[in-house]
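As structure tokens, the structure follows; a few thoughts come after it.
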């Protein structure tokens, strides 16, 4: 009579094959997730009501405007000011909800803007969210703080979230230290 472990060993794939199969499955899954929910411009698109037309928009081009150490009420932090350099290419209609249109519930209680910007580290850590931008020109300058003792990420990116359509427009990567881009 064979023991359970002998039977399990015979049924199991050799470890080098299991690793290859798992790697292939992981790659396929990640590739499918990456492609899901993208429009013709490569933008991530969320679910939105069928009667609302999603606005086509260019990819935001992020740049560092200012980075400096600063002190506010005795707290030391790094102030980072960013801007979308191609803000003038965004139509003003994209920032307005038509009269009588109710925007979805807003997790950002301090803003009623249709377009809300979030800033993330290259690893995907949220650094700043709920930055309301009521007009395209407001994309030209927005900022956030990194408190002393917290590491300054090597690169950051911004995401413009359209609360009406559910669309999200992701920028390029920019260094909050020297302005270099990826």
Fill in: Projected area, mean over directions - region 56-163, Cα convex hull, nm²
7.7
Fill in: Efficiency of FRET between residue 85 and residue 56 - r from beta-carbon atoms, R0 22 angstrom, step 0.05
0.70
Practice prompt. With label points built 7 Å along Cα→Cβ from the Cα atoms of residue 178 and residue 147, find their separation and express it in nm.
Written response: 2.9
Item to complete: For residue 92 and residue 72, compute 0.36 nm times the residue count separating them, minus their Cα-Cα distance, and round to one decimal in nm.
Response: 3.8 nm
Item to complete: Please sort 131-139, 67-75 by packing, taking for each peptide the average over its residues of neighbouring beta carbons within 10 angstrom, highest first.
Response: 131-139, 67-75
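Just so you know, all these numbers are worked out from the coordinates, no wet-lab data involved. Treat the numbers as computed from the prediction; the structure is a model and nothing was measured. Note that we place each Cβ from the backbone using ideal geometry, even for glycine, and neighbour counts take in every protein chain shown.
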